[in-house]
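In what follows, a single structure is set out as structure tokens and then discussed.
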Amino acid sequence: MRRNADFSNQFRMVGETLSMAPDVFLRDLWYMPALASSLRPGDMRREMLLGEPVLLGRMKDGALFAMRDICPHRGVPLSAGRIMPEGSVECPYHGWRFKGDGQCSKIPSLTGEETLDIQKIKVRSYPVREQDGLIWVYMAAKPGGAPKSEPPRAGSSHPMRWTETQTFRCGIDHAVIGLMDPAHGPYVHAHWWWKKTPRVKEKHYAPLPNGFVMTPHKPSKPVYSLLGDVTTEITFELPSTRFEIIRGKLFGLTFKVVGMTVCTPRDAETTDVIQTFWWPGWLNFIYPFFWTLGPTFIGDDRKIVELQREGLKFNPNLMLIQDSDQPAIWYHRVKKAWAESVENGTDFVNPVQERTLRWKS
Ligand code: FES
Ligand SMILES: [Fe+2]
């Protein structure tokens with residue numbers, strides 16, 4: 001009985017959520033737009049994030065910075081300027097300079113006799129972190145807002161071994177839902193190395209601070225047998241971070257492989273799906289599998305959302321069903337609760353309850 005009530009409720013809630021303007025991004029969270037290795041000292045470039053042009057760069061001393069890629073003087077993109085040796089960005093139009101925190105440090109046309117206080121001129125800056133070989137940018141609800149948390153950690157002591165980025169032409173919600181959808185596997189990823197005859201699955205889920213986890217279990221896909229006898233645990237936390245933690249023992253040695261997938265919203269209709277893996281060096285024999293199969297696997301998901309776009313442009317009502325769409329339902333609930341907590345300035349209360357889900361895939 002509860003299930004039915006739950007279902008119809010959710011059905012309406014989700015129907016509205018999916019058909020509303022897709023440009024509502026969650027704030028007060030960290031997003032991951034780029035790998036740390038993609039910015040050498042003295043590099044900078046525009047990175048679109050949540051529909052905002054962000055100038056992401058590294059001063060010559062290696063310090064990372066992120067600021068709005070719009071010169072406050074007359075709007076020229078600062079990314080078209082240059083990084084100066086003393087640690088500032090120079091606008092290409094009139095040469096105004098800005099420090100990494102957005103503070104204006106020089107206006108070349110001033111003679112020194114003016115009353116203008118350049119200390120009052122600032123570009124919006126964004127908190128930025130570099131860890132695990134990744135760059136995280138904090139998108140505050142209020143411009144200039146200080147981070148209320150730190151970005152997620154990969155929790156691996158090994159360097160990043162493999163990464164792949166693909167651009168999905170869809171909003172963040174469809175990218176995220178596609179990632180956590182257990183029922184599409186046999187159709188979208190119908191490769192011999194992934195496919196298995198569909199059977200009933202039963203997986204246990206528990207809440208996490210900002211999301212939920214499919215608790216450790218033995219994976220059924222044949223490709224995991226490369227690693228011997230393993231268990232895997234899959235987490236999801238807002239805004240769009242999924243970790244898969246595979247633990248096992250091979251040749252008498254225990255190991256941990258960590259996979260992270262983030263959906264980074266560039267704008268309302270463009271989302272980068274960035275996947276990264278860490279594992280110990282002695283497991284490097286798995287590299288060729290990632291190198292050959294990884295892009296194909298993510299590409300499967302990318303192609304299906306492009307096809308989905310052909311239907312979504314008519315703004316249809318959509319359905320989420322029990323139990324296979326339950327993770328997607330949780331995603332919407334967690335997202336809604338987060339948006340409300342930011343809006344009202346209240347603590348976030350995770351609506352997810354511990355539960356076992358059953359589906360066939
Ligand atoms: S527009 Fe940037 S210095 Fe004038
Ligand atoms: Fe998929």
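The values are calculated or read from the model by the stated rules, or taken from the named source; none is laboratory data. It should be emphasised that the depicted structure is a prediction, and the values quoted were computed from it without experimental measurement. As a convention, Cβ positions derive from the backbone with ideal geometry for all residues, glycine included, and neighbour counts pool all protein chains shown.
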Would a scan of the stretch 219-240 turn up a residue that is surrounded by fewer than 16 Cβ atoms within 10 Å (Cβ to Cβ) and of a type in the set (Phe, Trp, Tyr)?
no
It is to be established whether one or more residues within the stretch 140-155 are of a type in the set (A, V, I, L, M), in a helix (DSSP H, G or I) and at negative phi.
no
Any chance you could count how many residues in the stretch 163-205 are more than 12 Å from ligand 2 (Cβ to nearest atom) and part of a loop (DSSP other than H, G, I, E, B)?
10
Determine whether the stretch 121-137 contains at least one residue that is in contact with a Cys (Cβ under 7 Å, 6 or more places away or on another chain) and outside the structural domain of Trp279 (by TED's automatic domain parsing).
yes
Scan the stretch 80-128 residue by residue and report those that are in a helix (DSSP H, G or I) and among the aliphatic types (A, V, I, L, M).
Ala80, Ile118
Looking at (1) surrounded by fewer than 14 Cβ atoms within 10 Å (Cβ to Cβ); (2) modelled with pLDDT of 95 or more, can you tell me which one Gly112 breaks?
(2)
Could you please tell me which pairs satisfy a Cβ distance under 6 Å, a separation of 6+ or placement on different chains, a first residue in the stretch 266-291 that is among the hydroxyl-bearing types (Ser, Thr, Tyr) and crowded, with 18+ Cβ neighbours inside 10 Å, and a second residue that is in a helix (DSSP H, G or I) and modelled with pLDDT of 95 or more?
Thr271/Ile172; Thr271/Ala175
Under the condition of being over 28 Å from Met160 (Cβ atoms) and among the basic types (Lys, Arg), which residue from the stretch 287-314 is nearest to ligand 2 (Cβ to nearest atom)?
Arg309
Within the stretch 287-301, can you find the residues that are of a type in the set (Val, Ile, Thr) and either touching a Ser or Thr at 6+ places or on another chain (Cβ under 6 Å) or under 16 Å from Tyr187 (Cα atoms) (or both)?
Thr296, Ile298
Identify, please: which residue in the stretch 54-79 is part of a loop (DSSP other than H, G, I, E, B) and within 11 Å of ligand 1 (Cβ to nearest atom) and is, among those, surrounded by the most Cβ atoms within 10 Å (Cβ to Cβ)?
Cys71
Taking the stretch 317-356 on its own, how many of its residues are in contact (Cβ under 8 Å) with a residue 12 or more places away in the chain and outside any helix (DSSP H, G or I)?
18
Would you confirm whether any residue within the stretch 269-278 is more than 24 Å from the chain's Cα centre (by Cα), within 21 Å of Ala190 (Cα to Cα) and within 16 Å of ligand 2 (Cβ to nearest atom)?
no
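Condition check ((1) under 21 Å from the mean Cα position of the chain (by Cα); (2) modelled with pLDDT of 95 or more; (3) away from ligand 1 (no atom under 16 Å from the Cβ)) across all residues:
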residue	(1), (2), (3)
Ser105	no, yes, no
Gly133	yes, yes, yes
Pro143	yes, no, yes
Glu150	yes, yes, yes
Counting just the residues of the stretch 168-205 that are touching a residue at least 60 places away in the same chain (Cβ under 8 Å) and either exposed (fewer than 14 other Cβ atoms within 10 Å of the Cβ) or not assigned by TED's automatic domain parsing to the domain that holds Phe277 (or both), which one comes out nearest to ligand 1 (Cβ to nearest atom)?
His191
